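Here the structure is laid out as structure tokens; the discussion comes afterwards.
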Amino acid sequence: VQLQASGGGSVQPGGSLRLSCAGSGSIFRRMGWYRQAPGKQREFVASIIISGTPTYADSVLGRFTISRDNAKNTVYLQMDGLKPEDTAVYYCNMRNLRDYVYWGQGTQVTVSS
């Protein structure tokens with residue numbers, strides 16, 4: 001099983017970025033994103049189950065949108081209204097039908113003026 005994340009970068013406050021993470025080698029019942037800022041613990045951002053039902057952390061609700069393409073085994077995170085406190089390394093996370101959990105390699109998101 002491999003997860004390949006992409007789409008990070010630098011943006012000004014209020015800007016947008018879209019992250020993608022493609023999984024291979026399994027069927028994933030749950031896909032999601034976590035993030036880790038310098039000096040902080042990794043935290044949950046959003047997740048989506050195979051039926052398409054999403055869950056969001058309160059800090060991103062209304063600004064971030066998670067979606068998935070089951071045919072491509074890919075999860076997306078559309079991030080709008082970015083704030084400096086969103087700066088972190090973002091990790092994709094996938095759980096397969098046997099409840100094994102896999103992590104992507106992380107992609108840096110920097111929000112700064």
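The values are calculated or read from the model by the stated rules, or taken from the named source; none is laboratory data. Model, not experiment: these values are computed from the prediction. For neighbour counting, all protein chains shown are included, and Cβ atoms are generated from backbone atoms with ideal geometry for every residue, glycine included. Heads up: the accessible areas ignore ligands, DNA and RNA and are worked out on the full protein's heavy atoms, side chains in. Shrake-Rupley method; radii C 1.70, N 1.55, O 1.52, S 1.80 Å.
How many percent of the accessible area of region 31-77 is carbon or sulfur, using a 1.4 Å probe?
51
Ranked by accessible surface with a 1.4 Å probe, highest first, in what order do Phe64, Phe44 come? Could the numbers behind the result be given before it?
Details: Phe64 5, Phe44 60 Å².
Result of the area sort, largest leading: Phe44, Phe64.
Would you work out the charge dipole size for the chain about its Cα centre, treating the Cβ of every Lys and Arg as +1 and the Cβ of every Asp and Glu as -1, and quote it to the nearest 20 debye?
260
Hey, if you drop one equal point scatterer on each alpha-carbon of region 48-113 and run the Debye formula without solvent, what base-10 log of I(q)/I(0) do you get at q = 0.26, 0.28 Å⁻¹?
Evaluating at q = 0.26, 0.28 Å⁻¹ gives log10 I(q)/I(0) of -1.35, -1.43.
Ranked from the most accessible area to the least, with a 1.4 Å probe and all protein chains present, what is the order of Ser47, Ser67?
From most accessible down to least: Ser67, Ser47.
Quick one: 3J(HN,Hα) in Hz for region 50-56, Karplus 6.51/-1.76/1.60 with θ = phi - 60°, rounded, Gly and Pro as x.
Each residue's phi maps through the Karplus curve to give 4, 6, x, 6, x, 9, 10 Hz.
Please name whichever of Asn70, Pro38, Cys92 sits farthest to the positive end of the charge dipole of the chain, dipole taken about the Cα centre and charges placed at Cβ: Lys and Arg +1, Asp and Glu -1.
Positive-end residue among those listed: Asn70.
Heavy atoms of the protein only, probe of 1.4 Å, neighbouring chains included. What is the accessible area of Ile49 in Å², nearest 10?
The value for Ile49 is about 70 Å².
Figure the gain on full extension for Ser20 and Ala57 (residue separation times 0.36 nm, minus the Cα-Cα span) and round it to one decimal in nm.
11.5 nm
Ignoring ligands, DNA and RNA, what accessible area per residue does the chain give at 1.4 Å, in Å²? Can you show the working numbers first?
Numbers: 5930 Å² over 113 residues.
That works out to 52 Å² per residue.
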